[in-house]
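This report concerns only the one structure given below.
Please treat every number below as a calculation from the coordinates, not as lab data. Everything numeric in this text was worked out from a predicted model, so none of it was measured. Cβ coordinates were reconstructed from backbone atoms using ideal geometry, including for glycine residues, and neighbour counts include every protein chain displayed.
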Amino acid sequence: MKNRSIIRSEINHYYRAKVISWLASHVKDKREVPEDFPTHLYLGAPANESDIVNNPEAFLSFCKEWSTPIPAGHVEFVDRTFDGLGTVKVPLHLVFDTPDELASWAGHKVEYHSAIRCLSLILQEIPELIDSALNVINSLANLDWIDFERMVAVSKWFCAHRDGLFLTRQIPIRGVDTRWFEIHNHLLLEFLRDYLELNPYRKDLLQLGIVPPPALVRIVVFDEAISARIGGMKLFACALDEMAGLNLRPDRIVFMDNISTAVALPSIKGTMAIITPNTHIREVCEIDWVAKSQCQYLGSIDLKSFAVLHNLRLYLPNIESVLMDEQTMLSNQDLWTNNEDYVSNCAPVALNQSETHLYRCLLDGVYGHNIRLDLERLPLALIATALGSDDEALAREIAINGIDGLTPNKLENNEPYPDLQQEIHQLKEQAKAQEHAQITNSLQPLEAKDKSREQQPEENLA
């Protein structure tokens, strides 16, 4: 004998199993009521009188529960007579004449109506996607109505422009932007996958024709003659697919990771820098005028920079490293910092012998745990000299301060706050004096006790 709670659970499972077929019948076959209605659900009334006699109270409670009003559908009763109980209306089936009634019992009435509304719009706008819509109708029906309308409009647009390439900004649908695609990317691909024959293993929008904005490569020109050919610019960014058309053809290209260092460097004849991109390294290295130049890499001395050098050397086998050697590392110990961000996942096999040695020393902690030498901490004069700059201002600076720059021990009166330093010294001396006094005071009682012990035997003898 099933109570209402048990029946509601059964109805919920039945609804989940049948709802897609009901929706398809409603939308595709134009049937208001599917052919499997009315639906009869057996309530579990006892078939044998002996079961009733053994527990008459439970039986009467079961009959009474189903005799009270129900939220939807109706109960089918049969009159039966029992000894000691008389004639009783026994509930046999819970009957639903429409999916709407059954959905009410299952708690999905709003969801069912929303699904019908969504499918009706899809049938009107893009009928060729009605089967795909049935496969993802639960997700579609859960969207806010404005986002569902956008989903339909976007899907219709892609079906009409399936062979094009577009930026997100070029899709002429109000309210659709990059953030909208980030949120609805998965559902959109599932909705369009069968009709547009998309790869089920890919999750990117490129298969729909959506391309990302062009990758920009930042370039710093050190040679004034080359700079004059591009309007006097020293620093500029160029789209990757337009970079080949520049045809700058410098004698040397230095790949650098730190743009602050690159911009601060003085003029260097025949040289320009490319700020190493995080992606598209292969495409940059394969540009004709890049591949035909003498290439160098100037990076920090750390695990990440050696990994970048490895990646560059895969496409530019003759690229050389600059200031990424053990001598530079050891002669600048005061500039070392800790590297807590980068984790090495594989060995960079494209390094030469000396680079590999330094890489292993960093990895094994020979100089200390996670030690690195950041390129931006190296003296600019040292970097410019290593790159062969003949700038006059640079030469004067080196003559005055040396190639390693101005260090604290070269400053005149190397105490910027002498009064404060003197006060700190006096406070330290006072602290020492107080500590000495405390120790002396603590020892005096012990000395007195020792004297009294020495006098005690003499008194006893007297």
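Details
- Proximity of backbone amide H atoms, modeled 1.01 Å from N, is registered between Ile210 and Phe166 at under 5 Å, excluding neighbours fewer than 5 places apart on the same chain.
- Here volume of the Cα convex hull per residue in Å³ was calculated from the structure, and among (1) 150; (2) 164; (3) 435 it sits at label (3).
- Rounded if a/c under 1.5, otherwise prolate or oblate - the stretch 119-208, Cα gyration tensor axes: rounded
- Nearest-ten-degree value, helix 109-125 long axis tilted from longest Cα axis of the chain: 80
- The phi torsions of the stretch 273-290, fed into the Karplus equation with coefficients 6.51, -1.76 and 1.60 and a -60° offset, translate into couplings of 10, 10, 6, 4, x, 6, 10, 6, 4, 4, 4, 5, 5, 8, 4, 4, 6, 6 Hz, rounded to whole numbers, with Gly and Pro shown as x.
- In the chain, the longest principal axis of the Cα atoms and the axis of helix 4-27 are about 90 degrees apart.
- ³J(HN,Hα), Karplus 6.51/-1.76/1.60, whole Hz, each residue of the stretch 393-403, x for Gly, Pro: 4, 5, 4, 5, 5, 5, 5, 8, 9, x, 6
- Residues whose placed amide H lies under 5 Å from that of Arg249, excluding near-sequence neighbours: none
- Theoretical ellipticity at 222 nm over the chain - DSSP helices of four or more residues, -39500 (n - 2.57) apiece, nearest 500: -15000 deg cm²/dmol
- Cut-off under 5 Å, modelled amide H: who pairs with Val254 long-range: Met272, Ala273, Ile274, Gln296
- Residue (of Pro172, Asn142, Phe191) at the positive-pole extreme of the stretch 119-208, dipole from beta-carbon charges: Pro172
- The GluC sites (Glu not before Pro) of the stretch 288-343 that meet both conditions, a loop assignment by DSSP and at most 12 other Cβ atoms within 10 Å of the site Cβ, are Glu340.
- Loop-located trypsin sites (Lys or Arg not before Pro) in the stretch 271-337, at most 14 other Cβ atoms within 10 Å (DSSP): Lys292
- Most tightly packed first, judged by the mean number of other beta-carbon atoms within 10 Å of their residues, the peptides 182-188, 198-204 read 182-188, 198-204.
- Phi-based couplings in Hz for the stretch 153-166 (Karplus 6.51, -1.76, 1.60; Gly and Pro marked x): 5, 5, 5, 5, 5, 5, 5, 7, 10, 5, 9, x, 10, 9
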